[in-house]
Every structure is written in structure tokens, then in C-alpha cells.
Amino acid sequence: MTHHDGRKPGLTEDTVALMADLADLAVCGLSSALGSVSGLLRRADLGDLLADGQEETKARGRLLLDRHGASPPAHLEVLARTVTARSQGENGGE
């Protein structure tokens, strides 16, 4: 942006232009988001959609807990069970 007399804009003018552009982007994004929310609220099956979303979120949470929450069996416990199973197999299940 240049002035009519040919000088370049200063720091203040650049800052104002940047802030105006950011405000414009924010307004465009907000109006787009409000349009999406408005469309969602007009759906007849909104209750079912929310219930499905809640169930899916719970299922994902359970999967995450199962994957990361359970600790692997203790190494010595696995070893002891293996030795016990082998000794019972060799002794005929006594």
C-alpha cells in the first residue's frame, strides 16, 4: 500500500492493515461456523445424532483405556505359569 504522494506506509499503518485483515478473517470464519451450527440445529434427528456421538465417544474412550490402561502381565508371573504348565504336563497332570 502506498500513499498518493508516493511514500510507503509506516509501522502503525501496517499494523492497522494487519489487524483489519485478521478481523475480517475472524468475521468470515465466525459467520461460516454460525451457518454450520444453524444447519445442524435445524436437523430433525439432532437428538439421535447427539446420542450416537456420545456412544461413539464412549467407545473410543474404552478402546483407549484398554489399549493404554492395562498393564502387561508381570514377566515372573508368566514364567511361573509356563513352568507350572510344563511340570504338570511332564508329571501327567498331577
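Annotations for the structure displayed:
- Taken together, the residues in the range 46-62 that are among the aliphatic types (A, V, I, L, M) and open to solvent by 100 Å² or more (accessible area, probe 1.4 Å) amount to 1.
- The lone criterion from (1) open to solvent by 100 Å² or more (accessible area, probe 1.4 Å); (2) assigned to a helix (DSSP H, G or I) left unmet by Arg43 is number (2).
- Test: Arg81 is modelled with pLDDT of 80 or more, basic (Lys, Arg) and surrounded by 10 or more Cβ atoms within 10 Å (Cβ to Cβ): yes
- When Lys8 is tested against (1) without any contact (Cβ under 8 Å) to a residue 12 or more places away in the chain; (2) part of a helix (DSSP H, G or I), just one condition goes unmet, and that condition is (2).
- Index of the failed condition, Arg67 passing every other in (1) open to solvent by 60 Å² or more (accessible area, probe 1.4 Å); (2) modelled with pLDDT of 80 or more: (2)
The values are calculated or read from the model by the stated rules, or taken from the named source; none is laboratory data. Note that this is a predicted model, so its numbers are computed, not measured. Positions of Cβ are backbone-derived with ideal geometry, glycine not excepted, and every protein chain shown enters the neighbour counts. What goes into the accessible areas is simple: the full protein's heavy atoms, side chains included, and nothing from ligands, DNA or RNA. Shrake-Rupley method; radii C 1.70, N 1.55, O 1.52, S 1.80 Å.
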